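A quick write-up on the structure given underneath.
Please treat every number below as a calculation from the coordinates, not as lab data. Bear in mind the structure is a predicted one, so any value in this text is a computation, not a measurement. FYI the Cβ positions are ideal-geometry reconstructions off the backbone, even for glycines, and counts take in every protein chain you see.
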Amino acid sequence: MDDRVILRVGSKILIPFILLFALYVQFHGDFGPGGGFQAGVIFAAAFILYALVFGLGAAKAVLPPIVVHTCAAVGVMIYAGTGVVTLLLGGKFLDYNVLAHNAAHGQEWGIFSVETGVLVTVFGVMVAIFYAFAGRRRAEP
Amino acid sequence: MSQHLPVLQVVVPLLAAPLAALVRRPRLSWLVAFLAALWAFGVAVALLHHVLSVGPISYHIGDWAPPWGIEYRVDQVNAFVLLIVSGIAAVVLPYARASVEWEIENERIPLFYTALILCMTGLLGISVTGDVFNVFVFLEISSLSAYALIAMGQDRRALTAAYQYLIMGSVGATFIVIGIGLMYVMTGTLNMADLAQRLPAMEANRTIPVAFAFLTVGISLKLALFPLHLWLPNAYAYAPSTVTSFIASTATKVAVYMLLRFVFTVFGAAFSFDVMNIDRILTPLALAAIVFMSLSAIYQPNVKRLLAYSSVAQIGYMVLGISLASVFGVAAGILHLFNHALIKGALFMAMGCVMYRVGSVRIEAMAGLGRTMPFTMAAFVIGGLSLIGVPLTVGFISKLYLVRAALEQGMWPVAVLVLVGSLLAVIYVWKVVEVAYFRQPIGDGSIREAPLSLLLPTWVLVLANIWFGVDAKLTAGVAIRAAQTLLGVGS
């Protein structure tokens with residue numbers, strides 16, 4: 001891809017905006033369409049674009065597979081962990097009301113935390129699936 | 001903390017699964033998985049005790065009251081299923097350490113345990129929840145992890161077996177979610193208790209019978225009811241030993257529980273049996289499963305496959321009990337859920353021991369194992385006797401209740417076919433026993449008894465086969481109370 005200047009420069013310009021848009025979708029999910037799943041996919045798309053244009057090796061140097069797998073696992077723990085925190089604070093599982101001084105703030109923080117978990121896991125799984133397929137070699141005849 | 005038990009049953013294993021992936025060391029991830037299974041078992045025992053002494057528990061996730069929020073509801077029926085799933089997991093995991101280290105590459109072991117705990121989490125979740133969509137979500141969790149687990153078998157055919165299961169399982173799951181969707185469209189609710197209240201008013205509407213049909217066929221695929229069982233024999237035969245032992249004793253059982261839940265709790269026995277006449281299709285299929293699958297088992301050259309066909313036949317016994325729709329019949333079905341989990345768990349674990357030492361589970365590989373691996377084969381013999389239904393084993397208790405339930409309704413031919421199934425079981429168990437005890441050992445005599453870490457868990461299940469066969473008061477008592485709860489008759 002060394003000679004595809006437009007692709008390389010174009011994707012370099014696009015990637016920061018894709019990442020930013022992912023974060024917009026993430027944080028706007030509280031009020032409108034969007035949320036952790038969509039944001040995670042968009043966030044992963046930025047890295048997948050990078051891998052498509054600059055090669056799998058370059059992408060793995062930026063984002064090593066071990067980080068990707070860790071993300072996939074940590075996100076679930078953030079989600080379920082939020083529920084455990086609400087249990088420890090004396091509420092029911094995932095009862096966000098107890099997370100802050102009043103119920104409205106508690107709900108906001110709870111949803112924020114849970115959606116972060118979704119973002120992290122979806123991002124990790126998306127990139128992991130891409131790495132797994134892109135890393136396959138044709139079997140030797 | 002005790003009020004949170006229903007959710008802790010699921011959440012702690014759910015947290016343990018990513019943890020097992022994160023620790024990245026085979027032994028450490030095994031420890032995480034083992035502790036999660038022990039925890040689940042402890043919680044299940046506490047839940048069953050609570051349900052039997054105090055009564056059903058309802059837990060509102062996020063403190064959203066049902067029917068709006070997700071409700072976890074534990075009564076006699078699912079408390080018993082939770083005990084089966086977590087109990088088998090707690091016995092299989094100590095067994096898994098040596099067996100998995102031998103069968104799976106080192107770097108995959110942490111992910112193997114992650115998938116195994118996720119599968120257990122999904123099965124526990126299906127059992128504990130009182131929300132039909134939640135059932136579907138947990139069904140996907142348990143199924144997807146099961147496909148991955150089966151694909152990790154050493155034999156390359158494990159891949160095609162897992163793929164076959166993936167396709168059939170996805171069709172089943174799709175049917176289930178279509179059924180749930182139709183019910184939701186009609187009633188606007190996903191809560192089981194709320195559905196049960198609203199559905200009777202809509203029975204005349206064509207959509208509800210369609211939803212019922214989709215759900216029954218979807219669940220029948222998942223529980224491998226003859227003739228929808230085609231995914232099962234290969235999946236059980238080529239999966240790693242640990243996976244076969246765990247899935248064979250839990251996954252289809254939980255699917256049978258789903259059938260019970262939807263037929264009796266959500267739609268109600270009156271609608272399912274008097275309007276839809278589900279017994280007219282379940283009884284013949286169950287009897288066909290018992291006879292034809294037992295016959296197929298006789299001709300299998302691979303013992304794990306033989307046991308898999310036998311499992312389809314045994315599922316026939318459970319469905320037969322359910323299709324009788326009497327307290328005794330349903331109790332016999334529920335009782336056989338528990339008993340068959342013990343029987344097949346013990347048998348598949350004994351085959352895992354053989355795999356560990358001999359490297360094959362084909363019948364000719366069993367030659368002389370009665371001498372070289374006496375404890376393993378003794379476990380197989382006792383498990384086999386229990387499968388046949390010899391007195392003093394759990395298999396006998398199941399058959400006793402089932403025959404009694406059939407005779408109670410004057411169904412002589414059904415009772416006879418149940419006994420024919422037992423006779424066929426004698427043949428296929430004898431085939432293995434004969435080769436193991438009456439043939440000279442092959443090879444250079446290097447085959448030794450399986451290590452204690454495999455034998456002890458196997459024998460725990462074998463002894464449980466005898467224990468609950470001699471003293472069936474606990475299991476039969478719970479099964480009868482569960483059947484009474486499902487049928488809505490006073491206890």
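Descriptive notes on the structure:
- Scope the range B:259-307; condition in contact with a strand residue (DSSP E or B) (Cβ under 6 Å, 6 or more places away or on another chain) and within 28 Å of B:Gln76 (Cβ to Cβ); matching residues: none
- Any chance A:Gly124 is assigned to a helix (DSSP H, G or I) and closer than 14 Å to B:Gly62 by Cα: no
- When the residues of the range B:1-22 are filtered to those that are of a type in the set (S, T, N, Q) and surrounded by fewer than 24 Cβ atoms within 10 Å (Cβ to Cβ), the one that is farthest from the other protein chains (Cβ to nearest Cβ) is B:Ser2.
- Residue match in the range B:432-447 (condition: within 26 Å of the chain's Cα centre (by Cα) and buried (at least 16 other Cβ atoms within 10 Å of the Cβ)): yes
- If the condition is being of a type in the set (D, E, K, R) and either touching a residue at least 60 places away in the same chain (Cβ under 8 Å) or touching a Leu at 6+ places or on another chain (Cβ under 8 Å) (or both), then the range B:440-488 contributes B:Arg448, B:Glu449, B:Arg481.
- Output for the range B:366-376, where each listed residue is more than 15 Å from B:Leu307 (Cα to Cα) and not hydroxyl-bearing (Ser, Thr, Tyr): B:Ala367, B:Gly368, B:Leu369, B:Gly370, B:Arg371, B:Met373, B:Pro374, B:Phe375
- Of all residues in the range B:23-68 being free of Cβ contacts under 8 Å to residues at least 24 places away in the same chain and facing chain A (nearest Cβ under 10 Å), the one that is nearest to A:Gly110 (Cα to Cα): B:Gly62
- Qualifying residue in the range B:123-137 (condition: among the β-branched types (Val, Ile, Thr), farther than 25 Å from B:Leu452 by Cβ and without any contact (Cβ under 8 Å) to a residue 40 or more places away in the chain): yes
- Considering residues of the range A:59-80 that are under 19 Å from B:Leu8 (Cβ atoms) and more than 7 Å from chain B (Cβ to nearest Cβ) only, the residue surrounded by the most Cβ atoms within 10 Å (Cβ to Cβ): A:Tyr79
- Qualifying residue in the range B:100-108 (condition: within 14 Å of chain A (Cβ to nearest Cβ) and not in a helix (DSSP H, G or I)): no
- Residue selected from the range A:90-109 under the condition surrounded by 20 or more Cβ atoms within 10 Å (Cβ to Cβ) and in a helix (DSSP H, G or I), by the criterion nearest to the other protein chains (Cβ to nearest Cβ): A:Tyr96
- Among (1) buried (at least 24 other Cβ atoms within 10 Å of the Cβ); (2) closer than 15 Å to B:Ile315 by Cβ - the single one B:Thr216 does not satisfy: (1)
- Applying the criterion of being surrounded by fewer than 16 Cβ atoms within 10 Å (Cβ to Cβ) and either part of a loop (DSSP other than H, G, I, E, B) or β-branched (Val, Ile, Thr) (or both) to the residues of the range B:276-288, the residue that is farthest from the chain's Cα centre (by Cα) is B:Asn277.
- Picking from residues in the range B:388-404 that are in a helix (DSSP H, G or I) and touching a Phe, Trp or Tyr at 6+ places or on another chain (Cβ under 9 Å), the one that is surrounded by the fewest Cβ atoms within 10 Å (Cβ to Cβ) is B:Arg404.
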